[in-house]
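> This structure is in structure tokens; I'll ask about it shortly.
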Amino acid sequence: MKKFLLILVLLIFSLPLMAEPKNQGGHAGTPPGFYDDIDPNAADGDNDQIIEQSHTNPSYNKRQTIHEYSDDDEIMVAPTEQAKSTKNYAQIYNNLEPADFSYLHGIDPDEFYDVKDATWSIYPLLRLNSAIFFKNIAIEPGYYLLTPREHEGKWYILFKQNGKVVHIIPVYERGYTPPRFYDEHIPKPKLKPSQKVHMGILKSVGKVKSSKRKEPVKNYLEVNDLDNYFISVIIYYGGHKYSTIFRTIRL
């Protein structure tokens, strides 16, 4: 009788452990509410796709590099660089006024001081194969020495032939020559070993003030085709550059 009662007591206490667990709408170990946002009527494949997308959604940081999913709702997009502003060459051309002065007999009086210490011309040489135009001025094909000159606070480019000024064109922009510009754009002559020795001797002799010649002004000429039949001419002369503009067709 005592054994029967003992077995009965053990059965009574073991009944709760043998009971079936309650259905919480998920698998064992799943926190309550984990599947609340999933439609129970949807297909199993759709639920799996929703779960996978929620863990693989990328976002962008300020450097436009992909990183793992974050809880931030804001998507950071790097600011795009502003496009480089282009000059309105038509407006520049229209705003330029032709020169209202001239040189007596076409002689540039300052040229004497520029070239008195030079063996050759220090002005850049422009060769035109076809005519270019500035307002009512037609510059015919040929060779021209270009010289920047200031007149009453404004800068102009003198077109010279045979030592005479034939055209005076206004400058729309004057700026500084970039550092090492001439070293990068003007090729250095290749000298033979004997020539290098000879040049070294000349440099050492040139240290004497009485025998030293003044170094000529460096120059460089840049010509570029632009849209709408415009041509840009830029003169690099010493430490400054001078920009002017022409048309390839007459208006």
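> On the Cα set of region 118-193, report Rg and Dmax in Å, please.
15.6, 54
> Follow-up question, since we're still on this one. Take each of the peptides 146-153, 124-131, average the number of other beta-carbon atoms within 10 Å over its residues, and list them starting from the highest.
Averaged packing, sorted descending, gives the order 146-153, 124-131.
> Calculate log10 I(q)/I(0) of region 89-247 for q = 0.11 Å⁻¹, where I(q) comes from the Debye formula with a single equal point scatterer on each Cα and nothing for solvent.
The calculated log intensity ratios at q = 0.11 Å⁻¹ are -0.54.
> Also, I was wondering about something else. Of Lys190/Lys218; Lys160/Lys218; Lys164/Lys190, which ones are farther than 29 Å apart at the Cα?
Listed pairs above 29 Å: Lys164/Lys190.
> Relative contact order of region 89-247: what whole-number percent is it, with Cα pairs under 8 angstrom and at least 6 residues apart? Intermediate results must be reported in sequence, preceding the final value.
Details: 231 pairs, mean separation 37.9, N = 159.
RCO, region 89-247: 24 percent.
> Mind ranking 92-101, 238-247 by how tightly packed they are, going by the mean number of other C-beta atoms within 10 angstrom, highest first?
Put in order of decreasing packing, that is 238-247, 92-101.
> While we're on this one: If I take the Cα coordinates of region 84-157 and project them onto the principal axes, what are the three extents in Å, biggest first?
Dimensions of region 84-157 along the principal axes of its Cα atoms: 42, 32, 32 Å.
> What list of ³J(HN,Hα) values in whole Hz, one per residue of region 145-157 in order, does the Karplus curve 6.51 cos²θ - 1.76 cosθ + 1.60 (θ = phi - 60°) give from phi, with Gly and Pro shown as x?
Result, rounded to whole Hz: 8, 9, 10, x, 9, 9, 9, 6, x, 10, 9, 9, 10.
> Could you list the residues of region 121-135 with an amide nitrogen less than 18 Å from a label point located 7 Å from the Cα of Phe181 in the Cα-to-C-beta direction?
122-126
> Something else now. Could you work out how much longer the chain between Val197 and Asn95 gets when fully extended? Use 0.36 nm per residue separation minus the Cα distance between them, nm to one decimal.
Numbers: separation 102, 0.36 × 102 = 36.72 nm, distance 5.42 nm.
Contour length minus the Cα-Cα distance gives 31.3 nm.
> Quick one: Karplus J couplings for region 216-231, per residue in order, coefficients 6.51, -1.76, 1.60, θ = phi - 60°, nearest Hz, x for Gly and Pro?
3J(HN,Hα) across region 216-231, in whole Hz: x, 5, 7, 8, 7, 10, 10, 10, 10, 7, 10, 6, 6, 6, 9, 10.
All of the numbers you see were taken from the coordinates with simple rules; none came from a lab. All figures in this text were calculated on a predicted structure; none of them were measured in a lab. Because the Cβ atoms are built from the backbone with ideal geometry, glycine has one as well, and the counts that use them run over all protein chains shown.
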